[in-house]
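Written below as structure tokens is the structure these notes are about.
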């Protein structure tokens, strides 16, 4: 076992890299917001990023920054919701990804899945 740190958080990790599943509320919120923004655009309830931002009580730059993450690979989203994401993957790291790969395989490699 080893202790790994991410910011102020520490977690015990087994030798094989596994750790106890622990959902990350901030990371889940990040994914949920991205999908909420996409849903507003695709279901016709909003006609523009500006309208989505206004309806969601945020700014256009956040909507445009998070929107690509609505296209995360389904297995990545399932892992995040179950708390099985790599320890190093948090909302802050995810938010700093400028160009999200389109390929789900490349996404998995980028995030350590």
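For the reader, a short list of remarks on this structure follows.
- For the stretch 55-69 versus the stretch 80-113, the spacing of their alpha-carbon centroids is 18 Å.
- A simple spin-label model places pseudo-atoms 7 Å from Cα toward Cβ; at residue 97 and residue 75 they are separated by 1.4 nm.
Here, each number is a calculation from the coordinates, and none is a lab measurement. In this text, all values refer to a predicted model and were calculated from it rather than measured experimentally. Because the Cβ atoms are built from the backbone with ideal geometry, glycine has one as well, and the counts that use them run over all protein chains shown.
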